[in-house]
């Protein structure tokens, strides 16, 4: 794994989808990109150079399994870093778990958060996890 | 499926001014107004419209009743936001298509109208009668906050209309 220390503008970031209405109609819904109210830090992973199977492995082991609630991994919203920064947000890599990153610098105003989340959802590519047989 | 033209949205006929009277006559007026609202709500089109939205509100109340419902730290649905959302729904014009009802990580109810990938408008129903809204119409964005007192602000109705134009 050779990720640069700083997230590059054309790097893909993955927001793992844990709710059935995080997506629909072939696309991602803005709700998937609304930040948590306490931290205003949106959790994503750097998914550059990963196969889909590797992405699902990260989603299951580093996201779903560590959640306090029992959740289902439905898929991932794949979005380019430059789209995030174009909306005035910043990307702050975390040391652990590896590849984890937070999208920060959200405005306090709810209507601005909503507008940004709408744009991110529209620009993201939806990748659904195949259902287990 | 509701269809509508750009010109067809009008204010809700149930949008009566708030009764500020304190006399017995004021109580009578309030009671008669409530009865009139009830009879409107029982008409087929109007009743169905409200029924779908209220079912949506009951559904989200049940589904998002616990903190951390998304695994990312979301708050459980806010009861005041639910009550305000019901009041908002009661005054939506009948010609407005039914919005999708959902809850966002802050625990507030959100109504969304969508008509294609980049044609959508959402309103977050806050606990203090604040309506934070944002719309995406192709390459154009609109956003802001209004306050809901006796009727739905014109800017909200105009933005819903814009989704379908």
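Coordinate-derived values only; no laboratory data. This structure is a prediction, so every number in the text was calculated from the model and none was measured. Because the Cβ atoms are built from the backbone with ideal geometry, glycine has one as well, and the counts that use them run over all protein chains shown.
With all pairs of separate Cα atoms included, region B:68-117 yields a Kirkwood hydrodynamic radius of 12.1 Å. Modelled this way, with points 7 Å down the Cα-to-C-beta line, the labels at residue B:158 and residue A:49 are 5.2 nm from one another.
Ranked from highest to lowest mean number of other Cβ atoms within 10 Å per residue, what is the order of the peptides A:76-86, A:25-35?
The packing order, highest mean first, is A:25-35, A:76-86.
With a 10 Å cut-off around each Cβ of A:110-123, the average count of Cβ atoms from other chains is 6.
For the residues A:24, A:14, A:75, a GNM of chain A with alpha-carbon springs under 10 Å puts the largest fluctuation on A:24. Stokes-Einstein diffusion of region A:13-133 at 20 °C, 1.002 mPa s viscosity, Kirkwood radius from Cα pairs, rounded to a whole number: 148 µm²/s. Model label sites at residue A:83 and residue B:141, defined 7 Å from Cα along the beta-carbon direction, differ in position by 1.3 nm.
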